[in-house]
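What follows is a short report on a single structure.
The values are calculated or read from the model by the stated rules, or taken from the named source; none is laboratory data. These figures come from a predicted structure and were not determined experimentally. We place every Cβ from the backbone using ideal geometry, glycine too, and count neighbours over all the protein chains shown. Areas reflect the complete protein model, heavy atoms only, side chains present, ligands, DNA and RNA absent. Shrake-Rupley method; radii C 1.70, N 1.55, O 1.52, S 1.80 Å.
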Amino acid sequence: MKLTKEQKLYQAIVHKAWEDNNFKQELMSNPVQAIENLTGEKVTLPEGKTLVVRDQTNESTVYINIPAKTNMEDMELNEEQLEAIAGGGDPVIVDPSSGLSGLLGG
């Protein structure tokens with residue numbers, strides 16, 4: 001599966017935070033500025049949105065992120081998403097070794 005621009009950016013940010021503690025601290029205290037400094041590009045969040053970064057590198061802790069509930073009424077799918085639903089796209093693969101399976105008895 002080909003990574004999107006956003007996925008590549010996310011990977012770059014995470015790898016930089018793993019390698020550079022100063023960057024990680026800046027990312028947690030001022031994420032937009034840290035990302036702009038890393039990429040050299042302006043970051044514009046949608047109106048009313050805030051970017052929150054938490055350090056989840058403690059391997060003895062399992063973190064669960066509860067995202068905002070999706071409003072399915074206003075959702076529109078692009079052609080690739082419609083193909084995937086119809087059975088013509090690449091499947092989404094969930095990695096059972098992500099740490100939750102052992103915690104939840106899987």
Response to the item:
Of ASP74, ASP20, ordered by accessible area with the largest first and a 1.4 Å probe, the sequence is ASP74, ASP20
Worksheet item: How about the stretch 22-79: which GluC sites (Glu not before Pro) there are in a DSSP loop, with at most 14 other Cβ atoms within 10 Å of their Cβ?
Response: GLU41, GLU47, GLU59, GLU76
Worksheet item: Within the accessible area of the stretch 1-94, what % is carbon and sulfur when the probe is 1.4 Å and the other protein chains stay in place?
Response: 51
Fill in: Hz values of 3J(HN,Hα) by residue in the stretch 27-34 - Karplus curve (6.51, -1.76, 1.60), Gly and Pro given as x
4, 6, 8, 8, x, 4, 4, 4
Worksheet item: Name the trypsin sites (Lys or Arg not before Pro) in the stretch 2-58 that are in a loop by DSSP and that have at most 14 other C-beta atoms within 10 Å, would you?
Response: LYS2, LYS42, LYS49, ARG54
Worksheet item: Going by the alpha-carbon gyration tensor, a ≥ b ≥ c the square roots of its eigenvalues, is the stretch 1-73 rounded (a/c under 1.5) or, if a/c is not under 1.5, prolate (a/b greater than b/c) versus oblate?
Response: rounded
